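Structure record follows, encoded as structure tokens.
The values are calculated or read from the model by the stated rules, or taken from the named source; none is laboratory data. Just so we're clear, the structure is a prediction, and the values are computed from it rather than from any experiment. Cβ placement follows ideal geometry from the backbone for every residue including glycine, while neighbour counts extend to all protein chains displayed. When the accessible area is computed, the model is the full protein with side chains, heavy atoms only, and any ligands, DNA or RNA have been set aside. Shrake-Rupley method; radii C 1.70, N 1.55, O 1.52, S 1.80 Å.
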Amino acid sequence: LCHCLWGHSAAITCVSTSSDLDVVVSGSMDGAVCIHSLRTGKFHRKIEANRFYMEKQYRDVERSQKITAIRKIAVSRHGTMVVHLNDGMLHSYSINGAVLCGADAGEVLNSMKICADGEALVTGGESCHLCIRKMSDLTVRCILDLTSHGTITDIALTSSDSAHQYILIGTADGKVTVIGENHTEEEGEDHDESEMAYLDAN
């Protein structure tokens, strides 16, 4: 046993880590997010998601009094994190607990990942759409409709050290869709640099 991390008073729903930042970030059923040192296990801080709605630009008295479970957490090595709640909301915080921005995902997400450069958040869930959002304000940059494949169940991103960057999307039909930025598997076709081609990996 290395560490036993404390700070939650309800069941843990998700955990995310960043070895670059030396942090473990965990979320629970009572809407709490706890941040610990990965190396030492030291407790750093606790964020209560409902307090997000006490901020002036997001003030909502009703939501500030409601406890909503944390569903997913993604942490960037650049010092930011995004929290997804069971009511569909996305909250962005600095690793120090400062509120950065928020947005309504409009769905229940099954997976979300922050790109290696810390500039984009990739999400997918019950709506069958892959969404890429700007980390600075969580607005949607682009959407890929995967309705023909069903619910998005998981997302993975290749390492920033890889020669080519890919997004891999698992879906309810048992397939993995692979998306390569500025890259296509089709020979003899010209593509704009900003285009993202995708194929099914059977």
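Values for this structure:
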quantity	calculated
Options Lys113, Lys46: the member that is open to solvent by 20 Å² or more (accessible area, probe 1.4 Å), in a strand (DSSP E or B), within 23 Å of Thr158 (Cβ to Cβ) and free of Cβ contacts under 8 Å to residues at least 60 places away in the same chain	Lys113
Pairs where the first residue, in the range 15-30, is under 17 Å from Asn86 (Cβ atoms) and open to solvent by 40 Å² or more (accessible area, probe 1.4 Å) and the second is in a strand (DSSP E or B) and of a type in the set (Val, Ile, Thr), C-beta under 7 Å, 6+ apart	Val15/Val24; Met29/Thr13
Subset tally (residues that are open to solvent by 20 Å² or more (accessible area, probe 1.4 Å) and assigned to a strand (DSSP E or B)) for the range 116-131	1
Hits in the range 78-110 - residues which are free of Cβ contacts under 8 Å to residues at least 40 places away in the same chain, part of a loop (DSSP other than H, G, I, E, B) and either of a type in the set (A, V, I, L, M, F, W, C) or open to solvent by 30 Å² or more (accessible area, probe 1.4 Å) (or both)	Asn86, Asp87, Ala98, Ala105, Gly106, Val108
Among residues of the range 51-69, those that are assigned to a helix (DSSP H, G or I) and buried (at least 18 other Cβ atoms within 10 Å of the Cβ), counted	2
Test set (1) at pLDDT 95 or above; (2) in contact with a His (Cβ under 6 Å, 6 or more places away or on another chain); (3) open to solvent by less than 20 Å² (accessible area, probe 1.4 Å) - Lys72 fails condition number	(3)
Tally, over the range 1-43, of residues that are under 24 Å from Met89 (Cβ atoms), outside any strand (DSSP E or B), touching an Asp or Glu at 6+ places or on another chain (Cβ under 9 Å) and not polar (S, T, N, Q)	5
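Table: residues versus (1) modelled with pLDDT of 95 or more; (2) surrounded by 11 or more Cβ atoms within 10 Å (Cβ to Cβ).
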residue	(1), (2)
Arg133	yes, yes
Gln165	no, yes
Glu185	no, no
Leu199	no, yes
